[in-house]
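Asker: Mind looking over this structure? Questions follow.
The values are calculated or read from the model by the stated rules, or taken from the named source; none is laboratory data. Predicted model only: the values in this text are computed from it and were never measured. Cβ: placed from backbone, ideal geometry, glycine included. Neighbour counts: every protein chain shown.
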Amino acid sequence: MSGTNYATAAIRSLTHVAVNQPLIHHITNVVVTNDVANLTLGYGASPVMAYAPEEVAEMAAVAGALCLNIGTLSAGEIEAMLLAGRAAAAARVPIVLDPVGAGATRFRTESALRLLHELPIAVLRGNRGEIGALVGSGKVRGVDAVGGEDPRKVAEAAAARFGLVTAVTGPVDFVVGGGRTLAIHNGHPLLGRITGSGCMATAAIGIMLTADRDIALQTALGLATYGLAAERAAAGEPGPGTFRARLLDEVAALRHTGTAGVRIEVERGP
Amino acid sequence: MSGTNYATAAIRSLTHVAVNQPLIHHITNVVVTNDVANLTLGYGASPVMAYAPEEVAEMAAVAGALCLNIGTLSAGEIEAMLLAGRAAAAARVPIVLDPVGAGATRFRTESALRLLHELPIAVLRGNRGEIGALVGSGKVRGVDAVGGEDPRKVAEAAAARFGLVTAVTGPVDFVVGGGRTLAIHNGHPLLGRITGSGCMATAAIGIMLTADRDIALQTALGLATYGLAAERAAAGEPGPGTFRARLLDEVAALRHTGTAGVRIEVERGP
Amino acid sequence: MSGTNYATAAIRSLTHVAVNQPLIHHITNVVVTNDVANLTLGYGASPVMAYAPEEVAEMAAVAGALCLNIGTLSAGEIEAMLLAGRAAAAARVPIVLDPVGAGATRFRTESALRLLHELPIAVLRGNRGEIGALVGSGKVRGVDAVGGEDPRKVAEAAAARFGLVTAVTGPVDFVVGGGRTLAIHNGHPLLGRITGSGCMATAAIGIMLTADRDIALQTALGLATYGLAAERAAAGEPGPGTFRARLLDEVAALRHTGTAGVRIEVERGP
């Protein structure tokens, strides 16, 4: 696909989301829940946060996508994620997993691996350290990656190990799966200065999965459109507080400002 | 009451709140808790979020109003709401209920009905779908209303069924109770582009209930002042991220910018 | 130390934080968690929120500081705080406690006292009412101080009673401990118009504790730099929503805009 074609695919997916307003069921952490809900609305989708074991299966079954994020996990929340995930799987609702802080504590690593083994996750997204921890490499301190692994290799290892599309995000994002490796060159360093920027990227992926069945492509389009909005929000180098508000403005404006700036490169595959 | 009189009543209530700084006890969802606390401060009231069964009764008993919101409910939280609600009732503290997502899952519908049956709720506020679900009509997907019910009729049905003031919010808000139907023509479509706009409307009602005993009128004044602030925040059609920050600015400025723009119409009653 | 020397100490600590990016483990309330994470990033440190008993000890042991905040406490969360606190103590990680709403309910007062008695807290920070409640004076309504105690005396009483550095914040902040009383004259009334301003002050203290061992001085530097950022964010008297975004901008800019404005006075001691 050429750059123009990716831009066209992006706008087509954005329009599909805005027209169909898919319900996105997030089970996410308490730090970013407001930002993730607002991002989902910005894309034109309909967010719902539902965590109770009494209701998660019912909610996930009617969603367009289920986004699981272990950023402030608890034992009970992992059980709710499993309930929601099984219902999503039965209803063919795609599931995205964000293993926040995997590698930082055993509880996070083991919980992420349990979700990966028990649920048919469609997309796994994390930073180099988190995804690396799940395949036995990678270093994490708190929720941030440290160390010098090649993010492309980390993504390839996880995609092969777990048999799913993996996105490793960083200065360049790599999406690996279905015989392809895509590199996304959108984004801005200011994303690293606000909390939840990774969690929002995960949400963007879940939202875009509702628009087409090509999981690797939709993952790349989610990251590219989100990164493009970040580039625009960063114009004039605002402080992180102002950037955070503008990021939401720019996500909501994407259908009008256009997607000509998405920069996706095929590194391997069709 | 004429338009001028509503504006006068609004400014009087806003002043009453700012002078008395009533404590508003919120048991609300994790998505909007920061926005709701900041809105409460914007009105000049004093927010407190307290959820633990060990303390909710003690906190609710000394509050000016208790706002219950089931947006991210759990079984334990519903029990805490019942404890808080009974203490509020015993101390004659008015209770407002926001049945977020009622109709979307059985757990939400049943929990909202349980709160309505076991507590002397003063005001019930939701969208057309949520309130409709509680009276056996209405359609909800996630936390958003779908379907074509007349919101006025939905409000009337709920007010009659549960014997309380009901506010059904949407493009026009309807407040029904005490033999009256009031229509509030304030607000802006941008409210639908940010998360928690309904939850903040519920908080505005709880805050205004502390200023006067006319529950239906204070409910209308809460919605009208909040909607008026939204209109001002929407000037120049900002993106939703910027709008969200300005909304709080405009709520906090209401006592100075004035309430001449409140548009409340009596559709039925005195 | 002269004013120039405090400014120099402040910039040295800010640089230390930015270079070392210490991990700050927050166990905080759901209202402010996003703001606290963003503030931590603004200072150049690395925030992590971890609450599960399965992981808090592991996370706290590798942190640069542990910040405990009981703003939306639960019985389970207090147990997690004790687990985290013991691990922090064993690893010589300094602990800061924010007893939000102590005095407002017995559960809050008793939980704060339990944490103070069972953990080697380095710094206790609260408003006059909260700290007063812990030493038997003080009045709190919700989470706000009421009444007329001298904040200096309240800080001195708590520092003596619990044998730690105490910060009582308000129009002027007082830091007492190690034979010293410091008065910090930075800050702005707009801080009182946004939720979480006290919680963020506590986080600023925890962050600055990672840069030097002089606990009283680092506490004062945390409050002074945070207050200085607030003064700059308040330029032009924005509304609270805009102020909240700008506060984060100004915190993140401190290393570049400088610390010449920090105003710390020694009232007692070296």
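Asker: Do the conditions hold for A:Ala167, that is, is it touching a helix residue (DSSP H, G or I) at 6+ places or on another chain (Cβ under 7 Å), surrounded by 21 or more Cβ atoms within 10 Å (Cβ to Cβ) and within 20 Å of A:Ala7 (Cα to Cα)?
Answerer: So A:Ala167 passes the test.
Asker: Kindly provide the set of residues from segment A:244-270 that are out of contact with any Pro (no Cβ under 8 Å at 6 or more places or on another chain), of a type in the set (A, V, I, L, M, F, W, C) and buried (at least 16 other Cβ atoms within 10 Å of the Cβ), ordered by number.
Answerer: A:Ala245, A:Leu247, A:Val251, A:Ala253, A:Leu254, A:Val262, A:Ile264
Asker: Moving on to the next point. For segment C:143-166, what are the residues that are under 19 Å from the mean Cα position of the chain (by Cα), small (Gly, Ala, Ser) and at pLDDT below 85?
Answerer: Scanning segment C:143-166 gives a single hit, C:Ala145.
Asker: Residue check: is B:Leu228 among the hydrophobic types (A, V, I, L, M, F, W, C), in a helix (DSSP H, G or I) and under 21 Å from B:Phe174 (Cα atoms)?
Answerer: Yes; evaluated as a whole, the condition is true for this residue.
Asker: Residue check, B:Leu182 against (1) over 29 Å from B:Val48 (Cα atoms); (2) surrounded by fewer than 24 Cβ atoms within 10 Å (Cβ to Cβ); (3) touching a residue at least 60 places away in the same chain (Cβ under 8 Å), all met but one. Which one?
Answerer: Among (1) over 29 Å from B:Val48 (Cα atoms); (2) surrounded by fewer than 24 Cβ atoms within 10 Å (Cβ to Cβ); (3) touching a residue at least 60 places away in the same chain (Cβ under 8 Å), B:Leu182 violates only (2).
Asker: Next question. Do we have B:Asp249 as in contact with a helix residue (DSSP H, G or I) (Cβ under 8 Å, 6 or more places away or on another chain), more than 14 Å from chain C (Cβ to nearest Cβ) and modelled with pLDDT of 95 or more here?
Answerer: Considered against the rule, which asks whether it is in contact with a helix residue (DSSP H, G or I) (Cβ under 8 Å, 6 or more places away or on another chain), more than 14 Å from chain C (Cβ to nearest Cβ) and modelled with pLDDT of 95 or more, B:Asp249 comes out as no.
Residues checked against (1) of a type outside the set (S, T, N, Q); (2) out of contact with any helix residue (DSSP H, G or I) (no Cβ under 8 Å at 6 or more places or on another chain); (3) closer than 25 Å to C:Ala80 by Cα:
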| residue | (1), (2), (3) |
| --- | --- |
| A:Tyr6 | yes, no, no |
| A:His16 | yes, yes, no |
| A:Ala50 | yes, no, yes |
| A:Glu55 | yes, no, no |
| A:Ala60 | yes, no, no |
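Asker: Find the residue count for segment B:239-268, including only residues that are touching a residue at least 24 places away in the same chain (Cβ under 8 Å) and in a loop (DSSP other than H, G, I, E, B).
Answerer: Counting residues in segment B:239-268 that are touching a residue at least 24 places away in the same chain (Cβ under 8 Å) and in a loop (DSSP other than H, G, I, E, B) gives 6.
Asker: Of the residues that make up segment B:102-111, is at least one over 15 Å from B:Ala158 (Cβ atoms) and either touching a strand residue (DSSP E or B) at 6+ places or on another chain (Cβ under 7 Å) or assigned to a loop (DSSP other than H, G, I, E, B) (or both)? Write out each step before concluding.
Answerer: Step one: of segment B:102-111, the residues over 15 Å from B:Ala158 (Cβ atoms) are B:104-108, B:110-111.
Keeping just the survivors that are either touching a strand residue (DSSP E or B) at 6+ places or on another chain (Cβ under 7 Å) or assigned to a loop (DSSP other than H, G, I, E, B) (or both) gives B:104, B:108.
Yes, some residue in segment B:102-111 is over 15 Å from B:Ala158 (Cβ atoms) and either touching a strand residue (DSSP E or B) at 6+ places or on another chain (Cβ under 7 Å) or assigned to a loop (DSSP other than H, G, I, E, B) (or both).
Asker: I've got another one for you. If you take the residues in segment C:52-77 that are more than 22 Å from C:Gln21 (Cβ to Cβ) and buried (at least 22 other Cβ atoms within 10 Å of the Cβ), which one is farthest from the other protein chains (Cβ to nearest Cβ)?
Answerer: Going through the qualifying residues, I end up with C:Ile70.
Asker: Within segment A:228-243, how many residues turn out to be surrounded by fewer than 20 Cβ atoms within 10 Å (Cβ to Cβ) and within 20 Å of the chain's Cα centre (by Cα)?
Answerer: Total meeting the criteria: 2.
Asker: If you go through segment A:114-127 one residue at a time, do you hit one that is over 22 Å from A:Leu217 (Cβ atoms) and within 14 Å of chain C (Cβ to nearest Cβ)?
Answerer: Yes, that holds for at least one residue.
Asker: Oh, and also: When segment C:40-49 is examined, which residues are found to be in contact with a strand residue (DSSP E or B) (Cβ under 8 Å, 6 or more places away or on another chain) and either more than 7 Å from every other protein chain (Cβ to nearest Cβ) or among the hydroxyl-bearing types (Ser, Thr, Tyr) (or both)?
Answerer: Answer for segment C:40-49, where residues must be in contact with a strand residue (DSSP E or B) (Cβ under 8 Å, 6 or more places away or on another chain) and either more than 7 Å from every other protein chain (Cβ to nearest Cβ) or among the hydroxyl-bearing types (Ser, Thr, Tyr) (or both): C:Thr40, C:Ala45, C:Ser46.
Asker: Give me the residue from segment A:214-244 that is touching a Phe, Trp or Tyr at 6+ places or on another chain (Cβ under 9 Å) and either more than 20 Å from A:Ile184 (Cβ to Cβ) or hydrophobic (A, V, I, L, M, F, W, C) (or both) and, out of that set, farthest from the other protein chains (Cβ to nearest Cβ).
Answerer: Taking the candidates together, the pick is A:Leu217.
Asker: Which residue is surrounded by the fewest Cβ atoms within 10 Å (Cβ to Cβ), if the candidates are limited to segment C:189-213 and must be within 14 Å of chain B (Cβ to nearest Cβ) and farther than 16 Å from C:Thr40 by Cα? Don't jump to the end; show me each part of the working.
Answerer: Residues of segment C:189-213 within 14 Å of chain B (Cβ to nearest Cβ): C:189-200.
Add one more test, that the residue is farther than 16 Å from C:Thr40 by Cα, and what stays is C:189-195.
Details: C:Pro189: 10, C:Leu190: 22, C:Leu191: 23, C:Gly192: 15, C:Arg193: 20, C:Ile194: 23, C:Thr195: 27.
Among those that are within 14 Å of chain B (Cβ to nearest Cβ) and farther than 16 Å from C:Thr40 by Cα, it is C:Pro189.
Asker: Any chance segment C:74-89 includes a residue that's touching a residue at least 60 places away in the same chain (Cβ under 8 Å) and over 13 Å from C:Thr202 (Cβ atoms)?
Answerer: Within segment C:74-89, one or more residues are touching a residue at least 60 places away in the same chain (Cβ under 8 Å) and over 13 Å from C:Thr202 (Cβ atoms).
Asker: Another one. Would you mind finding the one in C:Ala216, C:Ala233 that is touching a residue at least 40 places away in the same chain (Cβ under 8 Å), within 15 Å of C:Leu124 (Cα to Cα) and either among the polar types (S, T, N, Q) or in contact with a Leu (Cβ under 8 Å, 6 or more places away or on another chain) (or both)?
Answerer: Values: C:Ala233 fails: within 15 Å of C:Leu124 (Cα to Cα).
Step by step, each of C:Ala216, C:Ala233 is checked, and only C:Ala216 is touching a residue at least 40 places away in the same chain (Cβ under 8 Å), within 15 Å of C:Leu124 (Cα to Cα) and either among the polar types (S, T, N, Q) or in contact with a Leu (Cβ under 8 Å, 6 or more places away or on another chain) (or both).
Asker: To continue, here is another question. Kindly indicate whether B:Ala7 is at pLDDT 95 or above and either away from chain C (no Cβ under 12 Å) or out of contact with any strand residue (DSSP E or B) (no Cβ under 8 Å at 6 or more places or on another chain) (or both). Walk me through how you get there before you give the answer.
Answerer: Numbers: at pLDDT 95 or above: yes; either away from chain C (no Cβ under 12 Å) or out of contact with any strand residue (DSSP E or B) (no Cβ under 8 Å at 6 or more places or on another chain) (or both): yes.
Answer is yes for this residue.
Asker: Let me ask something additional. Look through segment C:94-106, keep the residues that are free of Cβ contacts under 8 Å to residues at least 60 places away in the same chain and within 13 Å of another protein chain (Cβ to nearest Cβ), and return whichever of them is surrounded by the most Cβ atoms within 10 Å (Cβ to Cβ).
Answerer: The qualifying residue surrounded by the most Cβ atoms within 10 Å (Cβ to Cβ) is C:Gly101.
Asker: Follow-up question, since we're still on this one. Give segment A:12-31 a look and list any residue that's of a type in the set (A, V, I, L, M) and within 29 Å of A:Val100 (Cα to Cα), or say none. First the steps, then the outcome.
Answerer: Applying the first criterion (of a type in the set (A, V, I, L, M)) to segment A:12-31 yields A:14, A:17-19, A:23-24, A:27, A:30-31.
A:Leu14, A:Val17, A:Ala18, A:Leu23, A:Ile24, A:Ile27, A:Val30, A:Val31 - these are the residues of segment A:12-31 that are of a type in the set (A, V, I, L, M) and within 29 Å of A:Val100 (Cα to Cα).
Asker: Taking the options B:Ala155, B:Ala160, name whichever one is in a helix (DSSP H, G or I) and touching a helix residue (DSSP H, G or I) at 6+ places or on another chain (Cβ under 7 Å). Working first, answer last.
Answerer: Details: B:Ala160 fails: touching a helix residue (DSSP H, G or I) at 6+ places or on another chain (Cβ under 7 Å).
The unique qualifying residue is B:Ala155.
Asker: Looking at segment C:252-270 only, could you name the residues that are within 14 Å of chain A (Cβ to nearest Cβ) and either within 30 Å of B:Ala233 (Cα to Cα) or of a type in the set (Ser, Thr, Tyr) (or both)?
Answerer: Restricting attention to segment C:252-270, the residues satisfying the condition of being within 14 Å of chain A (Cβ to nearest Cβ) are C:252-257.
Scanning segment C:252-270 gives C:Ala252, C:Ala253, C:Leu254, C:Thr257.
Asker: Which residue is surrounded by the most Cβ atoms within 10 Å (Cβ to Cβ), if the candidates are limited to segment B:5-46 and must be of a type in the set (S, T, N, Q), more than 18 Å from B:Gly227 (Cβ to Cβ) and in contact (Cβ under 8 Å) with a residue 60 or more places away in the chain?
Answerer: Top of the filtered list is B:Thr28.
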